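Report on the structure given below.
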Amino acid sequence: SGLLLFVFYTIYNLYKSEQALIDYSNKTSMYAVSKSRFLANMSHEIRTPLNSIVGFSEQLTKVNLETEQQEQVNAIRNSSVMLLDVVNDILDFSKYETGKVAFEKIPFSPFVSINDVFDSMKILAEKKKIGFVLNMPIDKNIYILGDVLRLKQVVMNLLSNAIKFTNVGSVTLHAELIKTVEKNAQLKVRVVDTGLGINEIDQKVIFDEFAQVYYASTKEKQQGTGLGLAICKKIVEFQGGTISVTSEEGKGSTFSFELPFEITDKVKEDVVNRAV
Ligand code: ADP
């Protein structure tokens, strides 16, 4: 009977924890939430020791070592930085999946912010010797209210993918702000590349977590987690926007997203402070 009691107790506890999970978020399924919780807990546990591996190996690269040792230390540092990126992506993604996110509403100039991202990615396009073009007919002095860091994160992800999967031709970033009613506007961003392209079947799953496309032409295994686009989708959709792709294999891809924003009057210091 002790065993029976134990089994009942365990089932009861499982039931209770499932209830807790259901209450946790009504935005996503219980399965998604518990999976994300598990990933988040694990990632968190891994991140702490990993930070010290990254930190100490970074310091070791500055010590005078023999060439072979230097190479080994570099390998430790590079691998641990890569692993930390993966872990951070998982943590970031699971935060959206459990609905534990707050978006900021601070005034910023979309022209200046998008321009910043574009500039920071220039070097990657130059290294690959492909064209890198910006087409942004937005007034520099227009300010909108929103989460500037997350907007930058989405644009950066799309640009870095476009550069990564383009070997000839160019990557073009289009951005426009279209006024709708009163103070409302729609920010429309398009990243057009002349790269590998994505076939129709893969296009359907590309925004799912951990999805990666196998390119026979590149042969080598891609780096990355397959979480970048899933995170972009969460960021855009949480704020009431949409994101999509059109693509033709061998010709290139266009990733587009639209986000609603409120236009705000001239930014003064106190407005910035109040909004934070
Ligand atoms: P990853 O970190 O692997 O790049 P993403 O979620 O950003 O993850 O992208 C998922 C997959 O979608 C990529 O691995 C790649 O196969 C495909 N992909 C994304 N952007 C492009 C693009 N511009 N051109 C071709 N394929 C792309």
Just to be sure I understand the model, the point goes 7 Å from the Cα along the line to the Cβ. What's the resulting Ile178 to Ile142 distance in nm? 1.2 nm
Over the range 116-185, average the accessible area per residue using a 1.4 Å probe and give it in Å², no decimals. 53 Å²
The range 36-95, accessible surface, carbon-and-sulfur percent (1.4 angstrom probe): 58 percent
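Going by the alpha-carbon gyration tensor, a ≥ b ≥ c the square roots of its eigenvalues, is the range 46-124 rounded (a/c under 1.5) or, if a/c is not under 1.5, prolate (a/b greater than b/c) versus oblate?
On the way: a/c = 3.30, a/b = 1.62, b/c = 2.04.
It comes out oblate by the Cα gyration axes.
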Gain in span if fully extended, Thr61 to Lys129, counting 0.36 nm per residue against the direct Cα distance: 21.5 nm
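For the range 148-249, with all protein chains present and a 1.4 Å probe, just round the carbon and sulfur fraction of the accessible area to a whole percent. Mind dumping the intermediate values first?
Details: 2800 of 5340 Å².
Here carbon and sulfur together make up 52 percent of the probe-accessible area.
The values are calculated or read from the model by the stated rules, or taken from the named source; none is laboratory data. For clarity, every value in this text was computed on a predicted model and none was experimentally measured. Virtual Cβ from ideal backbone geometry, glycine too; neighbours counted across all protein chains shown. Quick note on the areas: whole protein, heavy atoms, side chains included, nothing else; ligands and nucleic acids left out. Shrake-Rupley method; radii C 1.70, N 1.55, O 1.52, S 1.80 Å.
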